[in-house]
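Written below as structure tokens is the structure these notes are about.
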Amino acid sequence: AQSVAQPEDQVNVAERNPLTVKCTYSVSGNPYLFWYVQYPNRGLQFLLKYITGDNLVKGSYGFEAEFNKSQTSFHLKKPSALVSDSALYFCAVRDRGDSWGKLQFGAGTQVVVTP
Amino acid sequence: NAGVTQTPKFQVLKTGQSMTLQCAQDMNHEYMSWYRQDPGMGLRLIHYSVGAGITDQGEVPNGYNVSRSTTEDFPLRLLSAAPSQTSVYFCASRQGPQETQYFGPGTRLLVL
């Protein structure tokens with residue numbers, strides 16, 4: 001069975017400060033890892049993914065994430081947050097050994113960036 | 001290229017009524033899924049399909065049916081609506097197991 005934990009319900013950060021959204025995962029095999037963002041009353045938008053290779057993954061809107069296999073983590077980061085980054089962020093994991101490729105989501109972390 | 005589309009955007013049902021949530025994609029994706037989103041619970045998988053004629057249950061399938069007669073369409077049927085099915089429903093599609101999953105805009109359902 002696979003699972004994802006996002007330990008913070010909400011992250012508050014001042015504009016232009018660094019932003020980190022935490023994610024840890026559990027899979028029986030090796031993971032594919034994803035980050036999505038949801039703006040109010042909208043669907044989920046893809047930010048970035050880790051499939052293989054370099055542990056540091058760069059994605060849309062200046063976001064990046066680092067895959068840490070020993071800590072089973074995939075934290076999302078942005079060096080300088082914008083007010084427009086305020087949204088709901090979801091981490092998701094898929095087990096490479098799952099032939100059907102089901103995606104398991106975390107509960108989400110609300111990011112609030114204040115001016 | 002419209003991506004993943006869902007209709008309706010919003011629906012109010014009475015307990016016991018049935019309805020179908022429509023989902024279509026024009027990217028020729030084999031994999032399609034239905035999720036429900038509830039506050040504090042993230043997205044939970046209801047049903048999924050890996051191709052026309054092939055469907056399976058996800059994490060929370062009770063009260064829902066699906067079928068996949070074409071690659072493009074993946075409707076979700078509520079057999080007898082209950083207040084517990086009040087939620088936001090998202091349809092998603094992707095090409096393969098390693099690929100990015102794309103989401104529709106969602107259907108907000110209220111069951112009274």
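The values are calculated or read from the model by the stated rules, or taken from the named source; none is laboratory data. Since this is a predicted model, take the numbers as computed values, not measurements. Glycine also receives a Cβ, built like all others from the backbone with ideal geometry; neighbour counts cover every protein chain displayed. In case anyone asks, the SASA skips ligands and DNA or RNA and just uses the protein heavy atoms, side chains included. Shrake-Rupley method; radii C 1.70, N 1.55, O 1.52, S 1.80 Å.
Values computed for the structure shown
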| quantity | calculated |
| --- | --- |
| Some residue of segment A:6-26 being over 24 Å from B:Gly3 (Cα atoms), within 11 Å of chain B (Cβ to nearest Cβ), of a type outside the set (D, E, K, R) and in contact with a Gly (Cβ under 9 Å, 6 or more places away or on another chain) | yes |
| Within segment B:61-96, considering residues that are in a loop (DSSP other than H, G, I, E, B) and within 21 Å of B:Pro39 (Cα to Cα), the one most open to solvent (accessible area, probe 1.4 Å) | B:Asn62 |
| Residues located in segment A:66-100, provided they are more than 24 Å from A:Arg42 (Cβ to Cβ) and either of a type in the set (Gly, Ala, Ser) or open to solvent by 70 Å² or more (accessible area, probe 1.4 Å) (or both) | A:Glu66, A:Lys69, A:Ser70, A:Gln71, A:Ser73, A:Pro79, A:Arg96, A:Gly97, A:Ser99, A:Trp100 |
| Near pairs, Cβ below 6 angstrom, 6+ apart or cross-chain, from segment A:60-74 (at negative phi) to any residue that is part of a loop (DSSP other than H, G, I, E, B) and of a type outside the set (A, V, I, L, M, F, W, C) | A:Glu66/A:Asn55; A:Phe67/A:Asn55 |
| Yes/no for A:Phe105 being in contact (Cβ under 8 Å) with a residue 60 or more places away in the chain, facing chain B (nearest Cβ under 8 Å) and over 22 Å from B:Ser49 (Cα atoms) | no |
| Extreme residue, modelled with the lowest pLDDT, among residues of segment B:97-111 that are open to solvent by less than 30 Å² (accessible area, probe 1.4 Å), in contact with a Phe, Trp or Tyr (Cβ under 7 Å, 6 or more places away or on another chain) and within 12 Å of chain A (Cβ to nearest Cβ) | B:Thr100 |
| Answer from A:Asn41, A:Asn30 - the residue that is in contact with an Asp or Glu (Cβ under 9 Å, 6 or more places away or on another chain) and at pLDDT below 95 | A:Asn30 |
| Of residues in segment B:35-55 being within 8 Å of another protein chain (Cβ to nearest Cβ) and at positive phi, the one surrounded by the fewest Cβ atoms within 10 Å (Cβ to Cβ) | B:Gly40 |
| Checking A:Gln45 against (1) part of a strand (DSSP E or B); (2) touching a residue at least 40 places away in the same chain (Cβ under 8 Å), the condition it does not meet | (2) |
| Odd one out for A:Gln38 among (1) under 21 Å from B:Leu43 (Cβ atoms); (2) more than 11 Å from every other protein chain (Cβ to nearest Cβ) | (2) |
